[in-house]
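Have a look at the structure below, then the notes.
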Amino acid sequence: MVKSLISGNMEENKILGEHSDLFQIIKDTMELKDIDIINYSPLTLAYIGDGIYEIVIRTIIVDQANRQVNKIHKAASNLVKAHTQAEMIFAIMDKLTEQELAIYKRGRNAKAVTRAKNASMSDYRTATGFEALMGWLYLTNKSERMMLLIKEGLSIIEKEKAKDKLILIASHDKLILEQICDEIINIENGRII
């Protein structure tokens, strides 16, 4: 099927228009079998959840500005690290359904073989729960719900970090400043204009 999609077969290209959920598009295009998500390990859910969450974050970062890859990587890394994922789940905890909360707890309580490298064990386990939830939402075709939770979590975290903080950014690129700043002060020859 992939070969004919690439060749432009109109009949098979319709598959992309029938579904708006990324997992369903991948499943249909690659002819993957149905899965019984109930029997999946929470660590398997966390594995796919980590990947899909990173794709979402990378998409957001790239949309913000076309910049050097190392700066993109640094911005993305700050949002996908275990500590930030732990902040995310705590920020959205009261928005989760009972089923979503149960999936999160299964992931958090799973016995991982690997150990956290750059995070506390608490953050690592909490992040694993968050990733399991993201994986479960993705594999159950609930990408819209996943996006809403991510958007809400990022918004809450951003507001918390911005409280009582003034950040000064100096740049000649007014377009980028307008995208990331609430207020811009123009200075010319040492004077505010």
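The values are calculated or read from the model by the stated rules, or taken from the named source; none is laboratory data. Every value quoted in this text rests on a predicted model; they were computed, and no experiment measured them. Every residue, glycine as well, gets a Cβ built from its backbone with ideal geometry; the counts of neighbours run over all protein chains shown. Note: accessible area is taken over every heavy atom of the protein model, side chains too, but ligands, DNA and RNA are not part of it. Shrake-Rupley method; radii C 1.70, N 1.55, O 1.52, S 1.80 Å.
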Show the residue pairs meeting these rules: Cβ distance below 7 Å; 6+ apart or different chains; first residue within region 60-79 and in contact (Cβ under 8 Å) with a residue 60 or more places away in the chain; second residue part of a helix (DSSP H, G or I) and open to solvent by less than 80 Å² (accessible area, probe 1.4 Å). 65/176; 79/57
Residue pairs within 7 Å by beta carbon, gap of at least six or interchain, first lying in region 169-181 and part of a helix (DSSP H, G or I), second surrounded by fewer than 11 Cβ atoms within 10 Å (Cβ to Cβ) and modelled with pLDDT under 70, listed first then second, are 177/169
Any residue at all in region 136-147 that is under 17 Å from residue 60 (Cβ atoms), touching a residue at least 12 places away in the same chain (Cβ under 8 Å), open to solvent by 100 Å² or more (accessible area, probe 1.4 Å) and of a type in the set (S, T, N, Q)? no
Identify, please: which residue in region 1-25 is under 25 Å from the mean Cα position of the chain (by Cα) and open to solvent by 60 Å² or more (accessible area, probe 1.4 Å) and is, among those, modelled with the lowest pLDDT? 16
Report, by residue number, each residue of region 90-127 that is among the β-branched types (Val, Ile, Thr) and assigned to a loop (DSSP other than H, G, I, E, B). 97, 113, 114
Looking at the structure I just gave you, is residue 55 over 17 Å from residue 152 (Cβ atoms), within 14 Å of the chain's Cα centre (by Cα) and among the hydrophobic types (A, V, I, L, M, F, W, C)? yes
Taking region 79-109 as the search range and keeping residues that are within 15 Å of residue 148 (Cα to Cα) and aliphatic (A, V, I, L, M), which one is most open to solvent (accessible area, probe 1.4 Å)? 93
Counted residues, region 175-186 - those being over 30 Å from residue 95 (Cα atoms) and either at pLDDT 75 or above or open to solvent by less than 70 Å² (accessible area, probe 1.4 Å) (or both): 5
Among the residues of region 110-135 satisfying the criterion of being open to solvent by less than 80 Å² (accessible area, probe 1.4 Å) and farther than 22 Å from residue 78 by Cα, which is modelled with the lowest pLDDT? 112
Have a look at 116, 132, 102 and point out the one that is of a type in the set (Gly, Ala, Ser), within 18 Å of residue 50 (Cβ to Cβ) and without any contact (Cβ under 8 Å) to a residue 40 or more places away in the chain. 116
Being part of a loop (DSSP other than H, G, I, E, B) and open to solvent by 90 Å² or more (accessible area, probe 1.4 Å) is the filter here; which residues of region 33-71 pass it? 33, 34, 66, 68
Is at least one residue of region 161-174 over 30 Å from residue 24 (Cα atoms) and at pLDDT 75 or above? yes
So is residue 139 over 12 Å from the mean Cα position of the chain (by Cα) and either closer than 26 Å to residue 26 by Cβ or acidic (Asp, Glu) (or both) or not? yes
